[in-house]
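Novice: Starting off with a structure, shown below.
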Amino acid sequence: MQGNTHPEAIPAFDLGRVNDDLPLEHLLLQLRRSPEQEQALHRLLTDLYDPNSERYHQWIGPTAFGQAFGVAQEDIATLRGWLESHGLRVNAVYPSGMVMDISATAGQLTETFHAEMHLYSRRGRVPKVHMANATDPLVPSALAAVVVGIVSLHDFRPHPMIHNVSAVRRNGVRGGWMRVDTSPAFSFPYQGREQYVVGPQDFATIYNVRPLWMQSSHITGRGESIAVVEDSNMLKSDWITFRAAFGLASFGGTLSQVHPAPPSGANNCSNPGRNGDESEAALDAEWASAVAPGASIVLASCANTATTFGGLIAAQNLLNSPTPPPIISMSYGACESDLGAAGNAAYYHTWQQAAAEGVSVFVATGDSGAAGCDAGSYATRGIAASGFASTPYNVAVGGTDFQDFIEGSIGAYWTAANRTGLESARSYIPEIPWNDSCASNLLAQHLGYPSGTAFCQSKAARPDFIDIAAGSGGPSAVYVKPAWQAGVIGIRGDGKRDVPDVSLFAADGLYAHALLFCMSDTQFGGIPCIYTSPTDAVLNSAGGTSFVAPAFAGIQALVNQRTGRRWGNPNPVLYKLAAAEYGSQVQPNVRNLAVCNATNGVTIGKTCVFQDVTRGSNAVVCKGNRNCFRPAGDIYGVLSSSSAVLGAAYTSGTGWDFATGLGSVNVTNLVTKW
């Protein structure tokens, strides 16, 4: 089963074989349907999303899905018999007919699949020891047609897409509050300035949500449900505190925390409790509710096993239940090459099943610009996308920042004092791609450098701006371009699935803007959610595309309530609306492209569905030879589509682009015109 070893499981990092008696519980074995079934499923999905088809929106349940498109029962029985003959335990076969849950010891796994489990020392500032298979697994040739691989044979975990804002203290010289440390990149020349962070009421003003809330029909998500899939629980009191502080409690809405079991077989979803990912769980639940305050938020969490991500287990169990949720949000990610063949297939088939069931899935694109495989100070692995977000069956949501700071117009967009619900935003604010890196030309020019390339070589860039924190976007290395990703000016003719689809504000404080949330659990780094205290407010501020996936899930809940139905994959509608607004390469809508340009700020067109982000980039700093343009003698370069010439990866532009997709949205216009 080729393509199923992790890139960091190499001899140079090998620490030797793990003990044979090490238990490996709840491994997910990804199965493969026949080519004929795959073609039939594609025909069904085409019909489900074609308004002219008799099958339009005739969603299919997990059992019927498995009967029509799952691996044949006789093949599953043969596979099960082979596994059990080697001593492995089959815990469950999902109704989809595409996944088996199995358990084994490391020794049994080696004997069965001929893939030894080893320990590896991971590179980085803080070395870590990980477990992974040393070689690709093997299966008998008779079973190869129905098995893709084991979804995760390693414990290189996907990472949450949250970037925390650092601590603050009073600036004795200038007054005001300034940041204490550089975590992740916040020691900059304009310390001490007022911070204008985004709360739910600000978001409702900036993205024009409030008219829906105030309508006589109260489009608040009432009667709708949003599942945020996690590997941690949260304090429910934080959700209550967050909603009360920002005036959301009166809309109703509920939060439940569940640990969804599979529909049959042994339970693979144990309660994870609260752990180091609690901040992610909290912000996901809170920001889904921030946009759809009347909705029911379901925090579905499962504990990670030795090698399997609990969030994937939760998603599988929800989608294979008799009543799958109408909307799912996922704020974790891992790049396509790290996931491997089985890992990519797992998310492809999971979100594909969701699309057939009418479930809308929103996934964060990531927080490292176009360097989707990298984390830390600079990119070394080239251009890459997150395999969680790059499938054709989910909405990939990217991140923006505001340009008011760098153009000196904060006063035009924010009031000096908070209003009701701690709101201070006055209107829509012009947006740029979220990018904290020295490779950002906008940041470089703001600080007096001619280009990002020049700024990255300067002493002023180190260490604070040698960073890759930026909204992710780029081409998939796995998936071809879906039919619906067409007809909009700016879309690349590269034949690849390109992300993001849409974006929302996700910045983490560089230009004095971030997002507020509440996580008070001191056991895992929380702090009281007292937003009138500047220190507490900043410590409960963060950024990252973690925020935008649940926020857009909240927007979908408003759509579902107003239309009275679930919509499955929203992308066909989003791109159709964008084509009507922006036009295509062949026939651009020149007027709307001017009127709906995000740089217009408060004067942007009142009827625009999308706000077209046209300034800036998500290009980040890099080293090495992989997609890194680095002039001779320079220490650092700029991530580029070419290492020989600068093709910054990527600049924003007219219509769709890799930096922000279709741009951000005017929520009331989007919901009304859906």
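The values are calculated or read from the model by the stated rules, or taken from the named source; none is laboratory data. The shown structure was predicted, so the numbers you read here are calculated from the model rather than taken from an experiment. Positions of Cβ are backbone-derived with ideal geometry, glycine not excepted, and every protein chain shown enters the neighbour counts.
Novice: Hey, any hits in segment 10-21 for a residue that's within 29 Å of A303 (Cβ to Cβ), under 27 Å from the mean Cα position of the chain (by Cα) and not polar (S, T, N, Q)?
Specialist: No - not one qualifying residue is present in segment 10-21.
Novice: So D202 passes all but one of these: (1) within 24 Å of the chain's Cα centre (by Cα); (2) without any contact (Cβ under 8 Å) to a residue 60 or more places away in the chain. Which condition number does it fail?
Specialist: (2)
Novice: Within segment 82-93, can you find the residues that are out of contact with any Lys or Arg (no Cβ under 6 Å at 6 or more places or on another chain) and either crowded, with 18+ Cβ neighbours inside 10 Å or assigned to a helix (DSSP H, G or I) (or both)?
Specialist: Residues of segment 82-93 out of contact with any Lys or Arg (no Cβ under 6 Å at 6 or more places or on another chain): 82-89, 91-93.
W82, L83, E84, S85, L88, N91, A92, V93, listed by residue number.
Novice: Another question, if that's okay. Tell me which of these A295 doesn't satisfy, since it passes every other one: (1) small (G, A, S); (2) at pLDDT below 95; (3) touching a strand residue (DSSP E or B) at 6+ places or on another chain (Cβ under 6 Å).
Specialist: (2)
Novice: Given the residues T182, T220, which is the only one that is modelled with pLDDT of 95 or more and either surrounded by fewer than 20 Cβ atoms within 10 Å (Cβ to Cβ) or under 26 Å from N418 (Cα atoms) (or both)? If you could, list the steps in order and put the result at the bottom.
Specialist: Details: T182 fails: modelled with pLDDT of 95 or more.
None of the others qualify; the one that does is T220.
Novice: Got at least one residue in segment 58-81 being over 30 Å from P570 (Cβ atoms), in a loop (DSSP other than H, G, I, E, B) and out of contact with any Cys (no Cβ under 6 Å at 6 or more places or on another chain)? Break it down stepwise before answering.
Specialist: The initial filter retains those residues of segment 58-81 that are over 30 Å from P570 (Cβ atoms), namely 72-81.
From the residues that got through so far, the ones that are in a loop (DSSP other than H, G, I, E, B) too are 72.
If we keep only those that are out of contact with any Cys (no Cβ under 6 Å at 6 or more places or on another chain) as well, we get 72.
Checked against the condition, which is being over 30 Å from P570 (Cβ atoms), in a loop (DSSP other than H, G, I, E, B) and out of contact with any Cys (no Cβ under 6 Å at 6 or more places or on another chain), segment 58-81 yields at least one hit.
Novice: Could you list all residues from segment 260-270 that are without any contact (Cβ under 8 Å) to a residue 60 or more places away in the chain and under 18 Å from P325 (Cβ atoms)? Please lay out each step first, then the result.
Specialist: Quick first cut of segment 260-270, residues without any contact (Cβ under 8 Å) to a residue 60 or more places away in the chain only: 261, 267, 269-270.
Residues satisfying the conditions are A261, C269.
Novice: Pick out the one residue from N592, N625 that is free of Cβ contacts under 8 Å to residues at least 60 places away in the same chain, in contact with a helix residue (DSSP H, G or I) (Cβ under 6 Å, 6 or more places away or on another chain) and not in a strand (DSSP E or B).
Specialist: Details: N625 fails: in contact with a helix residue (DSSP H, G or I) (Cβ under 6 Å, 6 or more places away or on another chain).
Exactly one of N592, N625 is free of Cβ contacts under 8 Å to residues at least 60 places away in the same chain, in contact with a helix residue (DSSP H, G or I) (Cβ under 6 Å, 6 or more places away or on another chain) and not in a strand (DSSP E or B), namely N592.
Novice: Condition first: part of a helix (DSSP H, G or I) and either in contact with a strand residue (DSSP E or B) (Cβ under 8 Å, 6 or more places away or on another chain) or within 28 Å of S546 (Cα to Cα) (or both). Now tell me which residues in segment 446-494 satisfy that.
Specialist: We begin by selecting, within segment 446-494, every residue part of a helix (DSSP H, G or I); these are 446, 452-457, 459-461.
Scanning segment 446-494 gives H446, G452, T453, C456, A461.
Novice: T415 fails exactly one of the following numbered conditions: (1) surrounded by fewer than 17 Cβ atoms within 10 Å (Cβ to Cβ); (2) under 28 Å from the mean Cα position of the chain (by Cα). What is the number of that condition?
Specialist: With (1) surrounded by fewer than 17 Cβ atoms within 10 Å (Cβ to Cβ); (2) under 28 Å from the mean Cα position of the chain (by Cα) applied to T415, the lone miss is (2).
Novice: Looking at segment 1-34, which of its residues are in contact with a Gly (Cβ under 9 Å, 6 or more places away or on another chain), surrounded by 15 or more Cβ atoms within 10 Å (Cβ to Cβ) and not hydrophobic (A, V, I, L, M, F, W, C)?
Specialist: G3, N4, T5, H6, Q30, R33
Novice: So, one more: Considering segment 211-259 alone, what residues qualify as being more than 14 Å from P325 (Cα to Cα) and hydroxyl-bearing (S, T, Y)?
Specialist: Once the filter is applied, which keeps residues that are more than 14 Å from P325 (Cα to Cα) and hydroxyl-bearing (S, T, Y), segment 211-259 yields S216, S217, T220, S232, S237, T241, S250, T254.
Novice: Report those strands (runs of 3 or more DSSP E) wholly inside segment 97-165 carrying at least 2 residues which are touching a helix residue (DSSP H, G or I) at 6+ places or on another chain (Cβ under 9 Å) and surrounded by 22 or more Cβ atoms within 10 Å (Cβ to Cβ). Working first, answer last.
Specialist: Working: elements: 99-105, 117-122, 128-133, 147-150.
Fully inside segment 97-165 and qualifying: 99-105, 117-122, 147-150.
Novice: Next up: Return yes when R462 is farther than 19 Å from G369 by Cβ, over 27 Å from the mean Cα position of the chain (by Cα) and among the basic types (K, R) and no when it is not.
Specialist: Values: farther than 19 Å from G369 by Cβ: no; over 27 Å from the mean Cα position of the chain (by Cα): yes; among the basic types (K, R): yes.
Criteria not met by R462.
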